[in-house]
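Trainee: Handing you a structure now.
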Amino acid sequence: MNSTPPKTSCDEAVFSSLFESHSKGLFNYLYYKYGANLNPDDRVQEAFVKLWQNCGKVPPKNAKGFLYKVANNNSLNELAHLKVVHKYAPSRSKYTTNEDPQFEMETQEFSQRLEKSIANLTESQRVAFLLNRIEGKKHREIAELLGISTKTVEKRIYGALKKLRNEIKEL
């Protein structure tokens, strides 16, 4: 009997399929969890390089979890590195613009308050909220991505909205 060997992550077609199906979702997950400052594109790329290096050990069915775990760990390492860099970096002066100073100040204050309020959300609320409000994902899609029920997603999003409204009255 001529049986074909099981497909592994080392097979180019399988690896390409994994990249096509998981790269965008992994990017969005990292972007909403850590922000753009941690270069989510780089973290996604590093995760897929690590998958390729360990392709014999990681079966295709476990690849998604492996990718998310590696990307998350890389982001945490980069975040720790940036904290050290920021601690010892010299302060930089602010740039000037031609905007009305009052408007610019109010906009900056509001942005800072909003970012601070979003940062004060629990991680689960922040991820669900940003995936829904910024990415436009439906509750069902977020639930599948995070591996939780849609009711849990709804609870997290509405909890985030309630906290944001309490902290920022202009919302």
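The values are calculated or read from the model by the stated rules, or taken from the named source; none is laboratory data. Here the structure is a predicted model, which is why all the values come from computation and not from measurement. Neighbour counts are summed over all protein chains in view; Cβ atoms, including those assigned to glycine, are modelled from backbone coordinates with ideal geometry.
Trainee: Sort out which residues of segment 97-121 are free of Cβ contacts under 8 Å to residues at least 12 places away in the same chain and among the polar types (S, T, N, Q), and write them in order of number.
Mentor: Thr97, Asn98, Gln102, Thr107, Gln108, Ser111, Gln112, listed by residue number.
Trainee: Answer yes or no as to whether Lys151 is over 19 Å from Tyr34 (Cα atoms), modelled with pLDDT of 85 or more and loosely packed, with under 12 Cβ neighbours inside 10 Å.
Mentor: So Lys151 passes the test.
Trainee: Evaluate the following for Asn37: is it within 13 Å of the chain's Cα centre (by Cα) and buried (at least 17 other Cβ atoms within 10 Å of the Cβ)?
Mentor: No.
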